[in-house]
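Structure, as C-alpha cells:
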Amino acid sequence: MRPSKPIILLVAIVTGALLVFCATYRLAAVKAASDIRAAGERQLQIIALDLASILEKFETLPFALGFQADVRQALEHPDDQAVIQRLNAALKTIQRQSKVVSIYMMDRNGKTLASSNWDQAISFIGRDFGFRPYFREAMRGGAGRFYGIGNASSEPGYFIAQPIYRLPSEPGKGAPIGVMAVKVDLSEFEHTWRSSDDPITLVDHSGVVFLSNRSAWKYHSLQPLDPGMQQELAGTHQYADRIITPVSTMPPAMRSGFGEHIERNIERQGWRLMLFPSQQRIHRVALLWSMWVGLLIAVAVISIWALYQRRRRLQEQIESRDALRRAAEELDAMITVRTEELMQANRDIETKYGRLKQTESLLRTTQNELVQAGKLTMLGQMAGGVTHELSQPLAAIRAFADNAVKFLARGQPGQVEENLQHISEASAHMGKIIAQLRGFARKNGETIAPVDLQKSIEAATLLLRNEFEQRQVQLLIEIADQVQIVGDAVRTEQVLLNLLRNALEAVDTADRKEVSVRLTRAAGMAVITIHDSGPGIDARAAEHLFEPFFTTKSSSKGLGLGLAISSSIVQAMDGQLSARNHAGGGAEFVVRLPVTQE
C-alpha cells in the first residue's frame, strides 16, 4: 500500500524541523563558545593585571631591606646578639606595616640569622633554607622568585629574595654575603576567584596547580609528571613532598569542569593563569536557542495541522451523525433483548433464593434438634449422679425433720430452729441442682445475652461434681480473668459439659486422674482451656475429631455428636474450638470466644 499524503507531509515536516533544530544548535554552540571564550580572556586579563600589581608591589621590598644599617653588621658579626635583636625588631615592624607573611635574612650558606617571626613557635632563626631555588638564584646575583609550601610553617606562599653585598654603595660587585627574603600570601586571590562559576587555576612551570578556586585541584598536575620533574620537586620540597598526581585521575565529581581551557602567561614568574569555561553553559545556550527555534517551528506546524484537522473534523462530523443514528437503532434492539434476559435472570435468582432460605431454615431446625438431643443424652448420662446428689439432701431433710419433732416434744425450740435451718439449706441446694437441670434441658431459641463465663464453668462443674467424686478424678479450676461474652448461656454450658465429660472418660485408665479448667483473656478473646491427664489424642483420630458421628468409643457410650455439636455452637458464637496434645501429656481442648466490648 502506498502511504497517504498526510503521512508523507508529516514525515517531511518532522524531518525538516529536526534538520533546522540541529543546525540551530550547532551554530548557537559555536557562537556561545566564542562569546564565552572572549569573556574568559577578558576575565583572565583582569586577573593577570591584578596579580602582577600585587607581585610588583613587593618585588623591591627585599632589595630595599638589604640597605638596613644592621644587616651587614649582623652578617659580619652573627654572634652579636644586640645587633641581631635590633634587626629582628626592625624586620617585625616592617612585616606588620607591609602586611607580608614574614621577612628573614640568611647568610651565604642559607642559615637564617634574623627573622620577623623570631619570637614565635615557628621562628625561622637558625633554619637552613639553602636548598630553596630562590636562595640559589639570589646567591647567583639575581632575584629569586618561588612559590611553595613553607618548610617550617607548612603554610604556602610566594617567596621573593634579593642578594646582599658587602659594599652598599656598589651593589652587584663581588659575591653576595647574604640573602634577604620576603614571603607573600596569595590565598586572597583564591577567595576572589570563588565568585566565578568556572574553574580558575594558577600553574607553575612544572604544570602543578598551586592556586585555584577548586580546592580539590590544588597540588595536582595538569599532565603526568616525568621522573626528572618529580625528582626536582622532591629536592626543593616545593610542595612539602606531596605525591603529585594528575587532575585526570581524580574521581569524576571532583574533576568536574576540567578540560578545554584558555590561559595567559605570567612571564616573570614562569606561571600560567588558566580558566576552564563551562561546557555545560555552552550546551545550555545552544539548547535554549534551539528550543526557541523549535518552539517557532512547532507553532507553525501545529497551526497547519489544526487547519488540516478542522477540515477532517467537519467531514467526520457528517459521517459520525450517520453512524450514531445506526448505532442508536442497534442499541435499542440490543437493550430490549438484554432487558428480557435480565428479567428472566432475576426471576431465576428469586426462585433460588427462596429455596436457599428454606434449606437454611431446615438446617437451623435440624441443628437445634441435634443440640436438644445432645442435651437430653447428656441428661441421661448425668441422671445417676443427679439422683445421688438429690438423695443425700433428701435423707438429711428427713433426719433433721425427725429430730425437730423430738426436740419440739422435749421443749427445746433452739434445737428445733437449728434443724429447720439445716432443712432450708438442703432444700436450697436441691433447688439449685434442679434449676440447673431444668435450664439445661429446656429447648430454647437462640437467646443472645451477656454470659459470665465463670458462672458457666461453675454451673457445668456442679452438674458433674458427683461423677468426678465417684471416679476419684481431681478437678482444678483456675479463673485468671473475669470475662463476659455475648451468646447463649445454656449452649455455652452444654459445650463445657461435653468437653468435661470427654475429659472424665479420657482419664479413666490413667494413673494420675486430673482435669483442669482455666479461663483467661488474650487478644480480645476469652480462652477456656480444658486439659486432662489421659493418653492424649490419636494422630489418626485428630483429623476427624469434630466430624458428626465420628467416635473412638463403643456404640453404647456415644454416637459421636458431642464434639461436632460443640464445635457448631462455638462457631455460631463467632468462636473457635480446637484440640491438641499437651506437651506435658494428655489432651487439651481450647475454646476461644470474642469478649464483650465495654
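The values are calculated or read from the model by the stated rules, or taken from the named source; none is laboratory data. The model shown is predicted, which means the values in this text are computed figures rather than measured ones. Reconstructed Cβ throughout: ideal geometry from the backbone, glycine too, with neighbour counts over all protein chains shown. Calculation scope for accessible area: heavy atoms of the full protein, side chains included, ligands and nucleic acids excluded. Shrake-Rupley method; radii C 1.70, N 1.55, O 1.52, S 1.80 Å.
Some points to look at:
- Test: residue in region 440-451 that is modelled with pLDDT under 70 and in a helix (DSSP H, G or I): yes
- Being modelled with pLDDT under 90 and surrounded by 15 or more Cβ atoms within 10 Å (Cβ to Cβ) is true of ASP70.
- Flag if GLY142 is modelled with pLDDT under 90 and surrounded by 17 or more Cβ atoms within 10 Å (Cβ to Cβ): no
- Against the test of being surrounded by 12 or more Cβ atoms within 10 Å (Cβ to Cβ), farther than 30 Å from PHE135 by Cβ and not aromatic (Phe, Trp, Tyr), the options VAL299, VAL247, VAL337 yield a single qualifying residue, VAL247.
- Residue match in region 275-283 (condition: under 21 Å from GLY148 (Cα atoms), open to solvent by 50 Å² or more (accessible area, probe 1.4 Å) and without any contact (Cβ under 8 Å) to a residue 24 or more places away in the chain): no
- Qualifying residue in region 147-160 (condition: surrounded by 16 or more Cβ atoms within 10 Å (Cβ to Cβ), aliphatic (A, V, I, L, M) and at pLDDT 90 or above): yes
- Selection of region 83-109 for residues being exposed (fewer than 15 other Cβ atoms within 10 Å of the Cβ) and at pLDDT below 90 yields only LYS99.
- For region 472-492, taking the residues that are assigned to a strand (DSSP E or B) and open to solvent by 40 Å² or more (accessible area, probe 1.4 Å), the one that is farthest from GLY584 (Cα to Cα) is identified as VAL486.
- Sub-6 Å Cβ pairs linking a first residue in region 504-533 that is farther than 15 Å from VAL591 by Cα to a second residue that is assigned to a strand (DSSP E or B) and open to solvent by 20 Å² or more (accessible area, probe 1.4 Å), at least 6 apart or interchain, are GLU514/GLN474; VAL515/LEU475; SER533/GLU514, ordered by first then second residue.
- Check on LYS57, open to solvent by 50 Å² or more (accessible area, probe 1.4 Å) and in a helix (DSSP H, G or I): yes
- Some residue of region 422-439 being among the charged types (D, E, K, R), at pLDDT below 80 and more than 22 Å from ILE569 (Cβ to Cβ): yes
- Only one entry of VAL495, VAL515 meets the criterion of being buried (at least 17 other Cβ atoms within 10 Å of the Cβ) and part of a strand (DSSP E or B), and that entry is VAL515.
- No other residue among VAL203, VAL208, VAL179, VAL184 is over 16 Å from GLY66 (Cα atoms), modelled with pLDDT of 90 or more and either open to solvent by less than 10 Å² (accessible area, probe 1.4 Å) or among the acidic types (Asp, Glu) (or both) apart from VAL184.
- Restricting attention to region 60-69, the residues being in a helix (DSSP H, G or I) and without any contact (Cβ under 8 Å) to a residue 24 or more places away in the chain number 2.
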